[in-house]
Amino acid sequence: MNTLTDRYLAATLRSVPAPRRNEIASELRASIDDMIEGRTDSGQDAATAEREVLTELGNPDVLAARYADRRLQLIGPTYYLIWLRLLKLLLTFIPALVGTIVTVVEVAEGKGFGAIGPGVAVAMQVAVQITFWLTLTFAIIERTQTAVDLPEWTVDQLPVAPVRRGIPLADTIAAVVMLVVTIGYLTLQQFQSWVRDTNGENIPILDPALWSFWLPALIVVLVASAIFEVVKYRVGRWTWTLFGVKALLNLAFSVPVIWLALSDRLLNPTLAERFSWLADTDNRDVLGAIIVVSTAVIMIWDLVDTAIKTRRQTA
Amino acid sequence: MVSEDVLRTHLQELRRGTVVVASLVALRHPDYGYALLQRLTDHGFPVDANTLYPLLRRLEDQGLLTSEWNTEESRPRKFYRTSDEGESMLNRLLDDLAAVQTSITGLIQGVDR
């Protein structure tokens, strides 16, 4: 015999703890028969009544979960928040850390730009692993009903209410992204400048001779600027000390650039072979002047702007 | 106009605990699952079968109900009855239900307690 009721019982009992299976089976069968009888007594035919009764009882897995008092959630409200906090905490730095280490190791082995790929891949794997194992741990805690002593919440845990910040997060992010892009460009143009000679070989825009000192020095200044942006955000507003550091960093970048441009050492001499316009000394002077003036203008404008902000925020 | 969904959710919340109270009261006279379901429905406690049957088992596990198999009728049925423990808990629940009713009435009439 394999009626719908038999199949329904089998589906329900499958996930009910074994010791009570037989008893639940007899009771549930009797209840279903009673319910069907209630409908046939009022004139319904048996097949329709059975169908309707089983539909009313609903998904057998849900019913079984109710019998077993089992939770129909992976992580419930008791642990969800702490799970989320831990996950965020771990994901903020571990994948990036591991990815960076892998990249550095690959670079040390002389893989050049091929080192970025494995670094990113490893970082993503680490993120997936962290998420999986953390979630699994919490799902097990949720199911074993282990009484984990979560620290009680107290008012002392309240974070300091955010004061109106003089330095918006968006500005900090934009500034850091700009600096990273610039560092990336300085490095990338050596290998991939999209300017090619007649043989299709890549021509760096900047003089490769600068790699002996000036380009690394400029990159160091840019990295220091990125760190400065983060520190500035933590401080939360402009101070005259921050202004001083900012001015120093600006000078440390723009003065070498201006000097190199004036002494015609910035651009790759090979470019002149590719573009005849650049071969002319006068033209090179004009280009140098444009670079000098625009660098100086940007630097001065930035310093004036910063000075105004600092005065307003320290007032 | 309040949306039907919102109304239904609130009614469900309001009714949730009363099913336990109603079952404990009704089972002062022993009864089996389906008959209890009918009696509760007749008395204005509509309850889903898939909620009531597991609930009876849970109350039994908690010692608030006792059960006994009756094999005299056409099919064997499990009869539940409110235990002594269940009775004393029921009294506490009924007191609280009455207190809720009193408080609501007080609030409606604007009388300070």
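Wholly within the stretch A:258-315, which helices (runs of 4 or more DSSP H) include no fewer than the required count, namely at least 2 residues that are in contact with a Phe, Trp or Tyr (Cβ under 7 Å, 6 or more places away or on another chain) and polar (S, T, N, Q)?
A:281-314
Note down all Cβ pairs under 8 Å where the first residue falls in the stretch A:51-80 and is at the interface with chain B (Cβ under 9 Å from one of its Cβ atoms) and surrounded by fewer than 18 Cβ atoms within 10 Å (Cβ to Cβ), the second is outside any loop (DSSP other than H, G, I, E, B) and among the small types (G, A, S), and they're at least six residues apart or on different chains.
Filtered contacts from the stretch A:51-80: A:E56/B:A49.
What number of residues in the stretch A:231-253 are in contact (Cβ under 8 Å) with a residue 12 or more places away in the chain and over 16 Å from A:T306 (Cα atoms)?
Number of matching residues: 2.
Identify, from the list A:T154, A:T144, the residue that is at pLDDT below 85, surrounded by fewer than 15 Cβ atoms within 10 Å (Cβ to Cβ), more than 23 Å from A:K88 (Cβ to Cβ) and polar (S, T, N, Q).
Exactly one residue qualifies, and that residue is A:T144.
Look through the stretch B:16-25, keep the residues that are without any contact (Cβ under 8 Å) to a residue 60 or more places away in the chain and within 11 Å of B:L90 (Cα to Cα), and return whichever of them is nearest to the other protein chains (Cβ to nearest Cβ).
The extreme case among them is B:S23.
Which condition from (1) within 11 Å of chain A (Cβ to nearest Cβ); (2) surrounded by fewer than 16 Cβ atoms within 10 Å (Cβ to Cβ); (3) within 20 Å of A:Y67 (Cβ to Cβ) is the one that B:N70 breaks?
So the condition that B:N70 fails would be (3).
Could you tell me which numbered condition B:R75 fails, if it satisfies all but one of (1) within 11 Å of another protein chain (Cβ to nearest Cβ); (2) in contact with a Ser or Thr (Cβ under 7 Å, 6 or more places away or on another chain)?
Evaluating B:R75 over (1) within 11 Å of another protein chain (Cβ to nearest Cβ); (2) in contact with a Ser or Thr (Cβ under 7 Å, 6 or more places away or on another chain) leaves (2) as the failure.
Considering B:D61, B:D42, B:D31, which residue is in contact with a strand residue (DSSP E or B) (Cβ under 8 Å, 6 or more places away or on another chain) and charged (D, E, K, R)?
The conditions single out B:D31.
Given the residues B:G106, B:G44, which is the only one that is out of contact with any Leu (no Cβ under 7 Å at 6 or more places or on another chain), away from chain A (no Cβ under 14 Å), under 29 Å from A:I36 (Cβ atoms) and not polar (S, T, N, Q)?
B:G44
Starting from the stretch B:90-106, take each residue that is closer than 14 Å to B:A22 by Cβ and list its partners that are surrounded by 12 or more Cβ atoms within 10 Å (Cβ to Cβ), counting only C-beta distances under 6 angstrom and pairs at least six apart or across chains.
So the pair list comes out as B:L90/B:L24; B:L93/B:V21.
Being farther than 23 Å from A:E52 by Cα, more than 13 Å from the chain's Cα centre (by Cα) and part of a strand (DSSP E or B) is the filter here; which residues of the stretch B:11-66 pass it?
B:D31, B:T66
Determine if the stretch B:40-56 includes at least one residue that is charged (D, E, K, R), closer than 19 Å to A:E56 by Cα and at pLDDT below 95.
yes
Suppose the filter is surrounded by fewer than 13 Cβ atoms within 10 Å (Cβ to Cβ) and more than 16 Å from A:I203 (Cβ to Cβ); does A:A252 pass it?
For A:A252, the condition - surrounded by fewer than 13 Cβ atoms within 10 Å (Cβ to Cβ) and more than 16 Å from A:I203 (Cβ to Cβ) - is not met.
Scan the stretch A:39-50 for residues that are surrounded by 13 or more Cβ atoms within 10 Å (Cβ to Cβ) and within 60 Å of the chain's Cα centre (by Cα) and report the count.
Qualifying residue count, the stretch A:39-50: 3.
For residues in the stretch A:3-44 being outside any helix (DSSP H, G or I) and either modelled with pLDDT of 85 or more or in contact with a Ser or Thr (Cβ under 7 Å, 6 or more places away or on another chain) (or both), which is nearest to the other protein chains (Cβ to nearest Cβ)?
Looking at residues that are outside any helix (DSSP H, G or I) and either modelled with pLDDT of 85 or more or in contact with a Ser or Thr (Cβ under 7 Å, 6 or more places away or on another chain) (or both), I get A:S42.
Given the criterion in contact (Cβ under 8 Å) with a residue 40 or more places away in the chain and facing another protein chain (nearest Cβ under 9 Å), identify the matching residue among B:Y32, B:Y53.
Answer to the check: B:Y32.
Might you check whether a residue that is facing chain B (nearest Cβ under 10 Å) and in a helix (DSSP H, G or I) occurs anywhere in the stretch A:99-113?
no
The values are calculated or read from the model by the stated rules, or taken from the named source; none is laboratory data. What you see is a predicted model; the values in this text were computed from it and never measured. No Cβ is skipped: glycine too gets one built from the backbone with ideal geometry, and neighbour counts run over all protein chains shown.
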